[in-house]
1. Being within 16 Å of the ligand (Cβ to nearest atom), more than 22 Å from residue 81 (Cβ to Cβ) and not hydrophobic (A, V, I, L, M, F, W, C) narrows it down to one residue among 151, 108, 117; which is it?
2. Just one of 98, 123 is among the basic types (Lys, Arg) and in a strand (DSSP E or B); which is it?
3. For residue 151, all conditions in the list (1) in contact with a strand residue (DSSP E or B) (Cβ under 9 Å, 6 or more places away or on another chain); (2) within 20 Å of residue 40 (Cα to Cα) hold save one; what is the number of the exception?
4. Among the residues of segment 68-95, how many are hydrophobic (A, V, I, L, M, F, W, C), under 21 Å from residue 57 (Cβ atoms) and away from the ligand (no atom under 12 Å from the Cβ)?
5. Answer yes if at least one residue in segment 164-174 is acidic (Asp, Glu) and either within 12 Å of the ligand (Cβ to nearest atom) or surrounded by 13 or more Cβ atoms within 10 Å (Cβ to Cβ) (or both), and no otherwise.
6. When segment 101-120 is examined, which residues are found to be crowded, with 22+ Cβ neighbours inside 10 Å and assigned to a loop (DSSP other than H, G, I, E, B)?
7. Kindly list the number of the only condition in (1) over 13 Å from residue 51 (Cβ atoms); (2) within 15 Å of the ligand (Cβ to nearest atom); (3) among the basic types (Lys, Arg) that fails for residue 141.
8. For residue 57, indicate whether it is at negative phi and more than 14 Å from the ligand (Cβ to nearest atom).
Amino acid sequence: MRSWLIVLMFSAILLTTPLVYAAKAVAPIKGTAEGSAISGEAILEESEGGINLDVKVQNVPAGKHGFHIHEKGDCGDTGKAAGGHYNPDNVTHGLVTKDGLQHAHAGDFGNIEIGTDGTGTLKAFIPGLTLTGEKYNVTGKAVILHEREDDFGQPTGNAGGRIGCGVIILSVDK
Ligand SMILES: [Cu+2]
């Protein structure tokens, strides 16, 4: 009788665990130029139907800087190795939080505004993106901090060079 209860309890725990578990990833951001003092962190957390994004950067020139997810998880060659924008549906450039996945690249996060102290933050919820799902999975891709402002022009926002970069890595802690 008792062992039945234990089996039942274990089953209940196993069944409910996936609902509680939320995948989390971190992209440690570093300056791409040699000797660059740029640093920061992008934290991505799976939430119901999307990802919560929380970015902090330091030692960046004041003003607006484009911030996107690029296709490849490689920050080499001053960020060029990260390839083009992550654009799984081959759509036009935009702002994904406003235009949605049909009218913006999945990693079109717009701009981070940097203050005179060289720091800036960006927080957003991006519906549809995942860290563990089959579609719109951004794990293993790279976040790129651009030299200039993303003006939302085509094809990629005219944001210039890539001054900061970090690869999105799933973190083990839950
Ligand atoms: Cu970009």
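The values are calculated or read from the model by the stated rules, or taken from the named source; none is laboratory data. Just so you know, these numbers come straight off a predicted model, no measurement behind them. Using ideal geometry, Cβ is built from the backbone for each residue, glycine included, and neighbour counts are taken over all protein chains shown.
1. None of the others qualify; the one that does is 151.
2. From the options 98, 123, the qualifying one is 123.
3. That leaves (2) as the condition not met.
4. Within segment 68-95, residues that are hydrophobic (A, V, I, L, M, F, W, C), under 21 Å from residue 57 (Cβ atoms) and away from the ligand (no atom under 12 Å from the Cβ) number 3.
5. Among the residues of segment 164-174, not one is acidic (Asp, Glu) and either within 12 Å of the ligand (Cβ to nearest atom) or surrounded by 13 or more Cβ atoms within 10 Å (Cβ to Cβ) (or both), which makes the answer no.
6. Of everything in segment 101-120, those that are crowded, with 22+ Cβ neighbours inside 10 Å and assigned to a loop (DSSP other than H, G, I, E, B) turn out to be 104, 105, 106, 107.
7. (1)
8. yes
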